[in-house]
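One structure is given here, and the rest of the page talks about it.
Read-outs: derived from the displayed coordinates by stated rules, not from any lab. Since the structure is predicted, the reported quantities are computational estimates derived from the model, not experimental observations. All Cβ positions, glycine included, derive from the backbone under ideal geometry; neighbour counts span all protein chains shown.
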Amino acid sequence: MSGIAIEARNVVKSYRLGEVVIPALRDVSLSVASGSFTAVMGPSGSGKSTLLHVLGLVDVPDAGDVLVAGRSTSALDDDALTVLRRDTIGFVFQTFELIEALSARENVLLPAEVAGRVDAGRERLAHLAERLGIAERLDHRPGQLSGGQRQRVALARALVNDPVVILADEPTGNLDSATGRDVLDVLRAGVDEEGWTVLMVTHDPVAAMRADHVVFLRDGTLAGSVSGRADDVREVIARFAGV
Ligand SMILES: Nc1ncnc2c1ncn2[C@@H]1O[C@H](COP(=O)(O)OP(=O)(O)OP(=O)(O)O)[C@@H](O)[C@H]1O
Ligand SMILES: [Mg+2]
């Protein structure tokens with residue numbers, strides 16, 4: 001697949017808390033190329049999670065458009081957005097968000113079941129389990145897995161319906177640094193070898209270094225971006241400090 005996987009065009013999003021309007025995104029435009037690995041950095045409250053929620057069709061922007069595989073979503077109703085989200089977006093969270101009562105296998109297959117594609121999901125699961133190193137753990141419950149294994153299961157779940165893009169919010173935020181590095185290795189290899197498209201929010205310059213592009217948010221606006229993999233973590237930190 002080539003071209004643009006997902007795109008935000010002039011996205012504006014505010015939250016209302018009673019009388020108070022909190023601007024979270026002010027006119028953000030961003031294109032994520034298919035088969036690329038992009039990191040989103042920025043201070044707390046700068047709008048990173050909001051951007052992921054809007055791109056992931058969980059939150060509807062107040063203005064602007066989100067295009068998934070070139071398709072505008074601004075005119076879609078809730079049902080159409082739900083179907084498109086299910087079929088094209090894979091989410092990964094800092095806290096894994098696995099269902100404790102289900103085995104790893106059942107967790108991974110759940111989105112395939114919801115989409116009515118269990119057979120395709122099972123085939124994909126076999127491949128993903130090998131790639132992600134969880135083949136021996138599929139009958140375990142999340143509570144019987146390490147943090148790194150849980151995040152790999154969550155990643156398999158995000159990938160089971162062959163999404164256009166994986167949106168990951170601090171996927172290494174709850175992992176120790178060595179385990180976090182393993183998850184980043186898996187993401188990097190998936191992009192390089194399987195053509196995954198990853199957009200990852202992170203506070204960690206070491207994590208951002210693994211991406212092809214780093215975009216910086218500040219106060220709900222795109223404050224800068226760097227393309228080409230950083231050779232040096234200091235480069236990312238310096239760039240981050242400068243915006
Ligand atoms: N559901 C909500 N209701 C009200 N305000 C919200 C909501 N979600 C986010 N906000 C506000 O929108 C702004 C952007 O929040 P967002 O969660 O996108 O930031 P973030 O960059 O992900 O921060 P962090 O690094 O702390 O996760 C903040 O001012 C936040 O308080
Ligand atoms: Mg956040």
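General remarks:
- For residue 5, distant residues with modelled amide H under 5 Å away: 32, 33, 34
- Once the Cβ-Cβ distance of residue 26 and residue 238 is raised to the sixth power relative to R0 = 35 Å, the FRET efficiency obtained is 0.90.
- Calculated Rg and Dmax of region 1-88 using C-alpha coordinates, Å: 13.3, 45
- Sorted largest first, the principal axis extents computed over the alpha-carbon atoms of region 37-161 equal 46, 36, 27 Å.
- Model label sites at residue 178 and residue 16, defined 7 Å from Cα along the beta-carbon direction, differ in position by 5.2 nm.
- Mean ellipticity per residue at 222 nm, deg cm²/dmol - from DSSP H runs of n ≥ 4 across the chain, formula -39500 (n - 2.57): -10500 deg cm²/dmol
- Evaluated at q = 0.11, 0.12, 0.15 Å⁻¹: base-10 log I(q)/I(0), Debye formula over Cα of the chain: -0.56, -0.67, -1.04
- GNM result for the chain, Cα springs below 10 Å: residue of 104, 208, 129 fluctuating most strongly: 129
- Close amide-amide hydrogen proximity is noted between residue 91 and 167, each under 5 Å apart and 5 or more residues distant or on a separate chain (H modeled in the peptide plane; Pro and chain starts excluded).
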